[in-house]
Amino acid sequence: MRQIKIKKVLNSSKNPPKLIDQFGRTVDYIRLSITDRCDFRCVYCMAEEMTFLPRDEVLSLEECARLVKVFVSLGVSKVRITGGEPLVRKNALWLLEEIGKVEGLNELVLTTNGSQLEKQAQDLKHAGVKRINISLDSLDTARFKNITRTGELDKVLRGIQAAKLAGFENIKLNTVLMRGVNDDEVLTLVNFAIAQAIDISFIEEMPLGDVDHKRDSTFCSNADTLKILQSEYPLITSAETTGGPARYWRVANSKTKIGFISPHSHNFCESCNRVRITCKGELYLCLGQEDKVDLMPLLRNYPDNDQPLIDAILNSMAIKPKGHDFDLKRTKPAVIRFMSHTGG
Ligand code: SAM
Ligand code: SF4
């Protein structure tokens, strides 16, 4: 991991500095993990026994709100709140309401496992959450339990209905396909998305954190998934983009788009517009690399002065790597930290 020395960056309020990295990519999107905790233990994301961070090592919700405001002042226009499971954090709604009010922010979006949506969907919509991603890896109750270890499919399905009723601009399912585990559900899951008039994205499993299975044995290529879908549906390539790594196809005569997030078969790094902040306040410049800057000491040592934080964030652009380095055949994970730590 490379360390950077914090240089003072000159700031003029007329032309506030933007986040542009050494390869000319503009960073205008942050993903903020607000907890490493979760009510599920998905097999690709967590080990069965997890040790979570002590509470004082996690950013307070006020610190999260302050960070978001600073990033928005540096040109960030989209914020995704994630985790762990963001909605199991106490008072997460307060934070979402605070962020929803930040001037200059165009899009507040959320990634959730859906377990709390039945209760919270309406309030989230009122807080200003525009779009919501809900993870769903199986429509079979027993299999859903096996994959999530602790999750209940019915509760998540009720959460999806609550999200539909709340009227978000967009609802998208996120599915991690694993060979021999749920890869036979591609068509069932897409049929469900079509029937619900919502979108679905297939995410290739990434080697983040040490889990209980060999990732190359369960790996499902999105190229193969696309072939299965093309044999069943008329798919139209879609130029639509959310500014993210997903490539989209529209299912003809339906409202559903199918996205493919393919870190292995399609390297999306050249257009990367994002950075991630963990619930400990670590600013990771790439999901698949270790380059980071610790923002928590700056938040805590300078409670009334944002300048050191601004300088550190601007300087971090110098160490944003060109790309990730995922290889499932490694005996060790590419990155030791779990997705639940970095925030998906
Ligand atoms: N708990 C929420 C959820 O499950 O949607 C938000 C956090 S979760 C880490 C965000 C996304 O990361 C989920 O869609 C999950 O499927 C995905 N994910 C977790 N670990 C992954 C891995 N190793 N490879 C690919 N996707 C992963
Ligand atoms: Fe929890 Fe989301 Fe990770 Fe599943 S993918 S264990 S729901 S953080």
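The values are calculated or read from the model by the stated rules, or taken from the named source; none is laboratory data. Here the structure is a predicted model, which means the values were calculated and not measured. Here the Cβ is made from the backbone with ideal geometry for all residues, glycine too, and neighbour counts use every protein chain on show. Ligands, DNA and RNA are stripped out before the accessible areas are found, and what is left, the full protein with its side chains, is counted by its heavy atoms. Shrake-Rupley method; radii C 1.70, N 1.55, O 1.52, S 1.80 Å.
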Within the chain, what whole-number % of the accessible surface is contributed by carbon and sulfur, with the 1.4 Å probe and all protein chains included in the calculation? 49 percent
Gained length - residue 217 relative to residue 56, 0.36 nm times residue gap less alpha-carbon distance: 54.1 nm
Can you run phi through the Karplus equation (6.51, -1.76, 1.60; θ = phi - 60°) for the stretch 83-88 and list ³J(HN,Hα) in whole Hz, with x for Gly and Pro? x, x, 9, x, 7, 8
Between residue 253 and residue 20, take the C-beta separation as r, use R0 = 51 Å, and let me know the FRET efficiency to the nearest 0.05. 0.75
When the Karplus curve 6.51 cos²θ - 1.76 cosθ + 1.60 is applied with θ = phi - 60°, which whole-Hz ³J(HN,Hα) does each residue of the stretch 278-295 get, with x for Gly and Pro? 7, 5, 8, x, 7, 8, 8, 7, 8, 4, x, 9, 9, 5, 8, 10, 8, 8
The stretch 6-124, relative contact order [Cα under 8 Å, separation at least 6], %: 30 percent
With 31 Å as the limit, write out which pairs from 255/322; 101/280; 90/257; 125/227; 155/322; 78/164 have Cα-Cα distances beyond it, or answer none. 255/322; 90/257; 125/227; 155/322
Candidate cut points under trypsin sites (Lys or Arg not before Pro) in the stretch 90-136, DSSP loop plus at most 16 other Cβ atoms within 10 Å of their own Cβ, are 90, 101, 130
If you keep only loop residues by DSSP, which GluC sites (Glu not before Pro) in the stretch 177-242 have at most 15 other Cβ atoms within 10 Å of their Cβ? 232, 240
Need one number: % antiparallel among DSSP beta bridges in the stretch 29-342, to the nearest 5. 30 percent
If a paramagnetic tag sat 7 Å from the Cα of residue 47 along the Cα-Cβ line, which residues of the stretch 195-234 would have the backbone N under 19 Å from that point? 206-216
Using Stokes-Einstein with the Kirkwood hydrodynamic radius over Cα pairs, what translational diffusion coefficient do you get for the chain at 37 °C and a viscosity of 0.692 mPa s, in µm²/s rounded to a whole number? 160 µm²/s
With every protein chain kept in place and ligands, DNA and RNA left out, what is the accessible area per residue of the stretch 16-57? Probe 1.4 Å, answer in Å². 49 Å²
Using only DSSP helix segments of four residues or longer, with each worth -39500 (n - 2.57), what per-residue ellipticity at 222 nm results for the chain after dividing by its residue count and rounding to 500? -8000 deg cm²/dmol
Between residue 85 and residues 5 or more places away or on another chain, which pairs have amide H atoms under 5 Å apart, with H built 1.01 Å from N, and which residues are they? 37, 38, 39
For an R0 of 41 angstrom, estimate the FRET efficiency from the Cβ-Cβ distance between residue 161 and residue 101 and round to the nearest 0.05. 0.90
Using amide H atoms built 1.01 Å from N in the peptide plane, name the residues 5+ places from residue 201, or on other chains, whose amide H lies under 5 Å from its own. 173, 174, 175, 259
Long-range HN-HN contacts of residue 295 with modeled amide H, under 5 Å: 282, 283
Could you give the size of the charge dipole of the chain about its Cα centre, using +1 on the Cβ of each K and R and -1 on the Cβ of each D and E, expressed in debye and rounded to the nearest 20? 680 debye
Modelled label-to-label distance, residue 184 and residue 140, 7 Å Cα→beta-carbon offset: nm? 0.5 nm
Can you compute the modelled spin-label distance between residue 94 and residue 271, with each label point 7 Å from Cα toward Cβ, in nm? 3.9 nm
For the stretch 48-116, state which GluC sites (Glu not before Pro) are in a DSSP loop and have at most 15 other beta carbons lying within 10 Å of their beta carbon. 48, 49, 103
